[in-house]
1. Sorted from fewest to most neighbouring beta carbons within 10 Å, what does the list H50, H84 look like?
2. So if R0 is 22 Å, what FRET efficiency would Q92 and R56 give, r being the distance between their Cβ atoms, rounded to the nearest 0.05?
3. Let me check I've understood the local charge: for T87, count other residues with C-beta under 9 angstrom from its C-beta, Lys and Arg +1, Asp and Glu -1. What total comes out?
4. Once fully extended, how much extra length lies between E155 and A43, figured as 0.36 nm per residue of separation less the alpha-carbon to alpha-carbon distance?
5. Mind sorting E155, E106, E65, E81 by how few other Cβ atoms lie within 10 Å of their own Cβ, fewest first?
6. Using Cβ counts within 10 Å as a stand-in for footprinting exposure, how do I88, I103 rank, fewest first?
7. Grab the Cα-Cα distance for Q109 and R83, subtract it from 0.36 nm times how many residues apart they are, and report the gain in nm with one decimal.
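None of the figures in this text is laboratory data; all of them are computed from the coordinates on show. For clarity, every value in this text was computed on a predicted model and none was experimentally measured. Don't worry about glycine lacking a Cβ; one is built from the backbone with ideal geometry, like all the others, and counts go over all protein chains shown.
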Amino acid sequence: MKFRLGVVGLAVLALGCGGGEVEPPAPVFPVSGKVTYKGQPVAGADITFHHESGDRSAFGRTNDEGEYKLTTFSSNDGAIEGRHGVTIIKFQAPAEAPAIADIESEDYQPPGFNESTVPAKLKTDLPEKYGQEATSGLIAVVNADAPNTVNFELED
């Protein structure tokens, strides 16, 4: 009898899982805007809105025109209402690795030979202050009844 109840319970549980959309734990509102640096659009920058409560952050990436849309729970849904500290980061593409000498060459060195074990720090195309919430100085307020277009003009 216990086994049969367990099987029935699993079947009911399986039927209840999936199929419907899950409501996000907090309402979000569309947020979009543009990021420029020295008057030029910033393409490929990652922008994060850090909600003041610390509950949930929203993320986006700028397109070739520097425009972004934020995502919290699903693609381009926006951000939670309230005050947000903002960070913007754009890492430089890593330099191409130098060609490796043929294994028969006198110049050949095995991988890891004479290399530092500390990875190189990624360089950014924007001032580093914008990469930390404490130093960026960027604040945005998301409202339920506003268009929530938030533009950022970054400077040195």
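1. The most exposed by this proxy come first: H50, H84.
2. The pair Q92/R56 has a calculated efficiency of 0.15.
3. With Lys, Arg at +1 and Asp, Glu at -1, the neighbours total -2.
4. Stretched out fully, the E155 to A43 stretch lengthens by 38.8 nm.
5. E106, E155, E65, E81
6. Lowest to highest Cβ neighbour count: I103, I88.
7. Working: separation 26, 0.36 × 26 = 9.36 nm, distance 5.36 nm.
Gain on extension, Q109 to R83, equals 4.0 nm.
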